[in-house]
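Have a look at the structure below before the remarks.
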There are 2 protein chains.
Amino acid sequence: MDINTIAAMAGVSRATVSRFLNDGYVSDEKRRRIAEVIEETGYVPSRQAQTLRTGKTGVVGVIIPKINSASISRMVTGLSDVLEKARYQILLANTANEAMSEVDYLKLFADGGSVDGIILVATVLTPEHLRTLGALSLPHVVLGQRVEGHRCVYHDDFHAVRDITLHALANGSRPAYLGVMEEDVAAGHDRHEGFLSACAERGATPLGEELPRSEFTIEGGYLACERLIDAHPEVDTVVCATDRIAAGAMACLREYGREVPADVQVTGLGDSDIAQVMTPTLTTLHYHFRTSGAEAARMLLDAMGKAEDRAQRVCMSYEIFSRNSTRRKA
Amino acid sequence: MDINTIAAMAGVSRATVSRFLNDGYVSDEKRRRIAEVIEETGYVPSRQAQTLRTGKTGVVGVIIPKINSASISRMVTGLSDVLEKARYQILLANTANEAMSEVDYLKLFADGGSVDGIILVATVLTPEHLRTLGALSLPHVVLGQRVEGHRCVYHDDFHAVRDITLHALANGSRPAYLGVMEEDVAAGHDRHEGFLSACAERGATPLGEELPRSEFTIEGGYLACERLIDAHPEVDTVVCATDRIAAGAMACLREYGREVPADVQVTGLGDSDIAQVMTPTLTTLHYHFRTSGAEAARMLLDAMGKAEDRAQRVCMSYEIFSRNSTRRKA
DNA sequence: TTGTACGCGTTATCAT
DNA sequence: ATGATAACGCGTACAA
């Protein structure tokens, strides 16, 4: 079923069929005939041929560091919402297994001519990343990290953790932070700095700063917390970089016989669905991931010339959800 | 940078370059020259043109009902593992938002010529689904449901729930089941039947069979459990179709002052990571999702003629993880 | 308004 | 072993 067949059946040249499909500029008479033939044959133009001819694929590549993350899935949902509305397909590239790093995927997308635009859900941005991004001729948006010279949507990690730490320190005085590697500027460095800033403001000494960082997992949170209470049994407030780390921490505290929040307060970050089923329910902070995903998608549409101009850089806000893992009154 | 340029630079015809890239059959002399030119130009063949010419895209479409599901993400990981090794890209289609149903995506993939094969992570299979699947000329595999006449990888949902129910009924006698819509044959109907079978074997009367089904969410589990203890306060064992439903159920029981497992036992299904951080930790059942994903991918490779022959249908096994949401001794 | 003719970058067929 | 040449399915000047 190609355009030639349709043209023959409708008794017109294939150029006319092409016009029918695109510009318009066809007499009502033939328009009717063509429409009829297309209807009864169920003809659909070949994406590949269109791509070869126009250079446009109708696909945007989305590079994510892992599948099965509450935050990432929410971002992807936001992306889908607006991208599908603009009739774009999403090619999801998962780098979790390290089989192919983000840089490799960036290059693959850039070279292959397989996508019209790229969204990079970023964690760690190495110089190699920046070089590759800089050499990228395709429209692209970085989601989750602030990057100079590139369109990006990120979250106010510094103030987020600063605020939730201040919130906890209203009823605690010996705080510690369970964070992730500093190389992840947003989730690692910025959040950590936010914590330190809050401690400084309250005149509290941060505990366990000398300890190694955690992984982004429940298991990692458990182990980090174990090291923490081992080194600093006096800790009474544990601020965690993510909800999953907090989940691990709470499991650990329970194991060690510490009551939450009576003995130790715990806070998370991200407001994933597990926050509400933990015992006690977790005080955490809600990021508007879905909205930031949508925003990134709109920025990309803009960059691809498919939407009105938008800001080149957006910093998303947040809200604290105070639940039962922190103390109620002063 | 196209094949013509390379050919010119190497002083050969473009046919020779093409042979160099594909079959082989080139003299060592020219082989060397071509390799050199390609090296220094960084030439990469156009995927689009290759596709147009060969009809092969190097992409497999994976249709999933939702992102952010522990089970699905594990399946996708398994898929990625083997598909990437075979140099296939994965085009992930998420139907969560209903914007485009699975059937529509199936048709899109089938028509567009944009993928070489399809993997459908299935939940509900309507007659419309079966019709579309039947009309599909592309190689495809159904993951998560058993479908006559199609390659598929599924889990032994019936015996899984039957076994975990028997496990719980060793220390309980008034069981109820929190399940999902029966239209989902595997997760809905089969699991439910497994539960009923176990009840029959133990001579226990299943409670709350008249109540409406739950959603696949924590929230849904909470609400379903609320209805259950309202209608049948005597219930002492709650078997849930998924871990998330179990999480909601436990939250609800806590709210209503029931001790788990002293007053009521709870079991889940899927062994997601939240199972271990719940209080008490959840007795659940581990499916080998990652393995089933890998198996489905291998079956697809087979169907696409890229791998040795494999079984057309595979039923995956499971293991029960007994933790603290069920009673220990008889 | 319509049709002709060409090119997009490959691979495959056929001589040579 | 190599090189012309014809497709693959489409969009679009250009001419009519």
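The values are calculated or read from the model by the stated rules, or taken from the named source; none is laboratory data. This one's a predicted model, so the numbers in the text were calculated from it and none came from an experiment. Here Cβ is always computed from backbone atoms with ideal geometry, including for glycine, and neighbour counts include all displayed protein chains. We work out accessible area using only protein heavy atoms, side chains counted, and drop any ligands, DNA or RNA first. Shrake-Rupley method; radii C 1.70, N 1.55, O 1.52, S 1.80 Å.
Inside region A:239-260, can you point out the residues that are open to solvent by 30 Å² or more (accessible area, probe 1.4 Å) and in a loop (DSSP other than H, G, I, E, B)?
A:Tyr256, A:Gly257, A:Arg258, A:Glu259
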Mind listing whichever residues of region A:53-82 are out of contact with any Phe, Trp or Tyr (no Cβ under 7 Å at 6 or more places or on another chain) and more than 25 Å from A:Val124 (Cα to Cα)? A:Arg53, A:Thr54, A:Gly55, A:Lys56, A:Thr57, A:Asp81, A:Val82
Yes or no: B:Gly42 over 31 Å from the mean Cα position of the chain (by Cα) and either touching a residue at least 40 places away in the same chain (Cβ under 8 Å) or in the same structural domain as B:Arg19 (by TED's automatic domain parsing) (or both)? yes
Which numbered condition trips up B:Leu52, out of (1) at pLDDT below 90; (2) more than 16 Å from DNA strand C (Cβ to nearest atom); (3) touching a Leu at 6+ places or on another chain (Cβ under 6 Å)? (2)
Region A:286-330, subset of a type in the set (S, T, N, Q) and open to solvent by 40 Å² or more (accessible area, probe 1.4 Å), residue nearest to A:Ala247 (Cα to Cα): A:Asn324
Residues of region A:7-47 satisfying the condition of being within 13 Å of DNA strand C (Cβ to nearest atom), within 14 Å of chain B (Cβ to nearest Cβ) and of a type in the set (Val, Ile, Thr): none
Among (1) away from chain B (no Cβ under 11 Å); (2) open to solvent by less than 20 Å² (accessible area, probe 1.4 Å), A:Ser69 falls short only on (1)
Residue under question is B:Thr267, and the condition is that it be crowded, with 17+ Cβ neighbours inside 10 Å, more than 13 Å from every other protein chain (Cβ to nearest Cβ) and within 19 Å of the chain's Cα centre (by Cα); does it hold? no
Any residue in region A:83-100 that is farther than 18 Å from B:Ser80 by Cα, within 16 Å of DNA strand C (Cβ to nearest atom) and without any contact (Cβ under 8 Å) to a residue 12 or more places away in the chain? no
